[in-house]
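Okay, structure first, notes after.
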Amino acid sequence: MFVDLQQDWAAHVASRLATDGIARFDHIRTRAQFVTLAASLGRIVPHRDSDDDGVTMLENRADVGRRIGFEGFGTGALAPHTDRSGVIDPPALLLVLCGRKSSSGGECIAIDGRSVYTDLAAHSPEAVHELSRSRTVLFGGAAGYLGSVFEHARSGRIRVRYRTDGLAKFSPDLTRWLPGLNEAIERHTVRFALEPGQGYALHNHRWLHGRTAFTGERVMYRLSLNPHPEFAISSGFEVPGAAAVA
């Protein structure tokens, strides 16, 4: 469902994020408009690769895209992941805008972590328990964050943190559960293409994202945000009956 950006887009997008964790939008004509509208939704969080306005322009930069952690600047597929998994408190929201579409491929992929969690809880509860154990995954390399795939807060809400590139190291006890996790991720993957001026916002503590491989001069603009408090967008997701895991 697309949101009409000309009628108080921040409130509409925030409403979708609070309920579904994802919202798609349209009719953004310039990078400056993208930044202005995003700032009405939340505080922009600078990224390692962003420009002064907080925007990271994701395009093919050849050799750069072949480095671990920089695959967004290549043309290959990006496996499902959450952004900034190597920091203690990753930005809550991710906004992506299409600047130029690819010649072929380059579909966006998105996966609701809540659906993955409930799927595993129903069919493999031991996997959920193991994937929720603290200090079982090192995200972001040696100086990164030691955590878990599913993080249970005292509030009862659950956050997801995930990546499978060279900057994630799983404990040996956890590796047996990863094939089932990845199968659940695949079952709940949605794919969609974006035209220039179209984009999406997702809750980075709930949804994983990625892309398919592409050809051509694809350009995407990315922003990370923490939502303004008045929008009451809670972190992660709730699962009735889910118990905290140490």
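The values are calculated or read from the model by the stated rules, or taken from the named source; none is laboratory data. Remember, predicted model here, so these are calculated numbers, not experimental data. Neighbour counts are summed over all protein chains in view; Cβ atoms, including those assigned to glycine, are modelled from backbone coordinates with ideal geometry. Only protein heavy atoms, including side chains, enter the accessible area calculation; ligands, DNA and RNA are left aside. Shrake-Rupley method; radii C 1.70, N 1.55, O 1.52, S 1.80 Å.
Here are a few things to note about the model shown:
- Each of His228 and Asp89 was given a label point 7 Å from its Cα along the Cα-to-Cβ line. The distance between the two points is 2.0 nm.
- Of all DSSP beta bridges in the chain, antiparallel share, percent nearest 5: 95
- Taking every DSSP helix (H) stretch of at least 4 residues in the chain, weighting each as -39,500 (n - 2.57) and dividing the sum by the residue count yields a mean residue ellipticity at 222 nm of -6000 deg cm²/dmol.
- Global geometry of the stretch 121-180, whether rounded, prolate or oblate, following the gyration tensor of its Cα atoms and the 1.5 cut on a/c: oblate
- The share of accessible area on the chain that comes from carbon and sulfur is 52 percent, using a 1.4 angstrom probe.
- Fully extended contour minus Cα-Cα distance, from Ala142 to Ala62, at 0.36 nm per residue: 26.2 nm
- Å² per residue, accessible surface of the stretch 128-246 at 1.4 Å: 46
- Gyration tensor (alpha-carbon) shape descriptor, the stretch 145-246, a/c threshold 1.5: oblate
- Average projected area [Cα convex hull, the stretch 1-128], square nanometres: 10.1
- Cleavage-rule hits, trypsin sites (Lys or Arg not before Pro), the stretch 42-75, DSSP coil, Cβ neighbours within 10 Å at most 13: Arg48, Arg67
- Rg of the Cα atoms in the stretch 22-90, relative to 2.2 N^0.38 Å, amounts to 1.25.
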